[in-house]
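**Student:** Dumping the structure here so I can ask a few things about it.
The values are calculated or read from the model by the stated rules, or taken from the named source; none is laboratory data. None of the values given here were measured: they were computed from a predicted structure. Counting neighbours? That spans all protein chains shown, and the Cβs are built from the backbone with ideal geometry, glycine included.
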Amino acid sequence: MKSCAIVILNFNGEKILPVFLPSVVSESSSDIWVIDNASTDGSIALLQNDFPKVGLIQLSDNFGFAGGYNWGLEQLKGQYQNYILLNSDVEVTPSWDTKLNEALVAHPNYAALQPKILSWNKRSEFDYAGAGGGYLDDLGYPYCRGRIWNSIEIDKSQYDDFATVDWASGACMIIRSEVFHDLDGFDAHFFAHMEEIDLCWRIRSQGFQVGYIGEVEVYHQGGATLQRSSPNKLYLNIRNSLSMLYKNQSSGRFWLIFMLKGFLESIAALGYLITGKASSGKAVFKGYRDFLSRRKLLVKAKSSQEVKSMGPSKVIFWDYFFRKKKTFGKL
């Protein structure tokens, strides 16, 4: 069994792959695979002609981030000890994969790690998706070292450490293959967004830890599939956040959180409607509706122990909007 494989999920990435894949090829020592989610552009021809040494797994349909990785990694099962899951719009740095793999091997109690994720467009800033490691508050809202809501910090080496976190970003994370498959991978019902946070929650419920290593840096473009302001992204985040909480919390606690989140997010939806962002307002209500209609399809997570947040904020909404704590160091 080989030590590590870099696995990139692709869907219609004909324009993105030539920009980012060359750095992965030149700066990595691990095997590289691309899982293609039934692209309809020239992605396959591009990979076969310009990157013949990159392994290619072709899927029959677009199964989203969650299903795409699940089906694709099933074909690599038993071949590698660790997988590095990497977005197609990430630029990497020298020896990044070796450092990630060595860090995971050196920390046997950790099942997943993420590197420092910086913005490709504004390279001195942290990236929105993961930044310096992710946490969850008591209502299930994610925040990061380096990014709280839409406030993004400048990288001043304040997070160059090794830290235990609640979740690792799906933009770039290394995970033990055995743990990934034992937990049945991502929840395919999520399709995209929040699935890595759900998986990390389930990882921690089995007694493993999730970590961040600031020694390794990558640069993420972000928004290649959906812009942060997209109503569809908002819809998926709302629906999948509720799904994650439903799966991983006790029923009594979940419904209490559901009512509190419902109150806050109804106010947000009305705000969208009042300010002329009707599609965003509708996305919030659609997220709640679709969660309620499909929750019986979700499988409650099996926990061997209670999972508590490693982060400093109990309610990040309160800390950010009312206590005006805009950076992680002030929490």
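**Student:** Filter the range 127-151 down to residues that are more than 12 Å from the chain's Cα centre (by Cα) and aliphatic (A, V, I, L, M) and give me whichever is nearest to Leu242 (Cα to Cα).
**Tutor:** Top of the filtered list is Leu139.
**Student:** Name the single residue that is nearest to the chain's Cα centre (by Cα) among those in the range 1-24 being over 21 Å from Ser39 (Cα atoms) and not small (Gly, Ala, Ser).
**Tutor:** Here the answer is Cys4.
Every residue, every condition in (1) in a helix (DSSP H, G or I); (2) in contact (Cβ under 8 Å) with a residue 12 or more places away in the chain; (3) aliphatic (A, V, I, L, M), yes or no:
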{"site": "Trp255", "(1), (2), (3)": "yes, no, no"}
{"site": "Met259", "(1), (2), (3)": "yes, no, yes"}
{"site": "Leu264", "(1), (2), (3)": "yes, yes, yes"}
{"site": "Ala268", "(1), (2), (3)": "yes, yes, yes"}
{"site": "Val284", "(1), (2), (3)": "yes, yes, yes"}
{"site": "Tyr288", "(1), (2), (3)": "yes, yes, no"}
{"site": "Ser293", "(1), (2), (3)": "yes, no, no"}
{"site": "Lys302", "(1), (2), (3)": "no, yes, no"}
{"site": "Gln305", "(1), (2), (3)": "no, yes, no"}
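**Student:** From the list Lys300, Lys296, Lys326, Lys314, which residue is over 19 Å from the mean Cα position of the chain (by Cα), surrounded by fewer than 18 Cβ atoms within 10 Å (Cβ to Cβ), closer than 22 Å to Thr164 by Cβ and not hydrophobic (A, V, I, L, M, F, W, C)?
**Tutor:** None of the other options fit; the residue is Lys314.
**Student:** Restricting attention to the range 104-129, and to residues there that are at pLDDT 95 or above and small (Gly, Ala, Ser), which single residue is farthest from Pro312 (Cα to Cα)?
**Tutor:** Ala106
**Student:** Got a sec? Which of Ser29, Ser95 is among the hydroxyl-bearing types (Ser, Thr, Tyr), surrounded by fewer than 19 Cβ atoms within 10 Å (Cβ to Cβ), within 23 Å of Glu178 (Cα to Cα) and assigned by TED's automatic domain parsing to the domain that holds Gly207?
**Tutor:** Ser29
**Student:** What are the residues in the range 270-282 that are in contact (Cβ under 8 Å) with a residue 40 or more places away in the chain and over 13 Å from Ser229 (Cβ atoms), if any?
**Tutor:** Answer for the range 270-282, where residues must be in contact (Cβ under 8 Å) with a residue 40 or more places away in the chain and over 13 Å from Ser229 (Cβ atoms): just Lys282.
**Student:** Moving on to the next point. Of the conditions (1) in a loop (DSSP other than H, G, I, E, B); (2) modelled with pLDDT of 95 or more; (3) closer than 25 Å to Gln75 by Cα, Gln158 fails just one. Which one is it?
**Tutor:** For Gln158, the exception is condition (3).
**Student:** While we're here: Assess whether Ser313 counts as being in a loop (DSSP other than H, G, I, E, B) and either farther than 21 Å from His193 by Cβ or touching a residue at least 12 places away in the same chain (Cβ under 8 Å) (or both).
**Tutor:** Against the criterion (in a loop (DSSP other than H, G, I, E, B) and either farther than 21 Å from His193 by Cβ or touching a residue at least 12 places away in the same chain (Cβ under 8 Å) (or both)), Ser313 qualifies.
**Student:** Right, here's the next one. So which of Lys247, Lys282 is basic (Lys, Arg), surrounded by 14 or more Cβ atoms within 10 Å (Cβ to Cβ), touching a Pro at 6+ places or on another chain (Cβ under 9 Å) and not assigned by TED's automatic domain parsing to the domain that holds Phe190?
**Tutor:** Values: Lys247 fails: touching a Pro at 6+ places or on another chain (Cβ under 9 Å).
Answer to the check: Lys282.
**Student:** Of the residues in the range 30-69, how many are small (Gly, Ala, Ser) and over 21 Å from the mean Cα position of the chain (by Cα)?
**Tutor:** Selection size over the range 30-69: 8.
**Student:** Still on this structure: Scan the range 59-78 for residues that are exposed (fewer than 15 other Cβ atoms within 10 Å of the Cβ) and either assigned to a helix (DSSP H, G or I) or in contact with a strand residue (DSSP E or B) (Cβ under 6 Å, 6 or more places away or on another chain) (or both) and jot them down. Before the answer, list the steps.
**Tutor:** Applying the first criterion (exposed (fewer than 15 other Cβ atoms within 10 Å of the Cβ)) to the range 59-78 yields 60-61, 74-75, 77-78.
Selection gives Glu74, Gln75.
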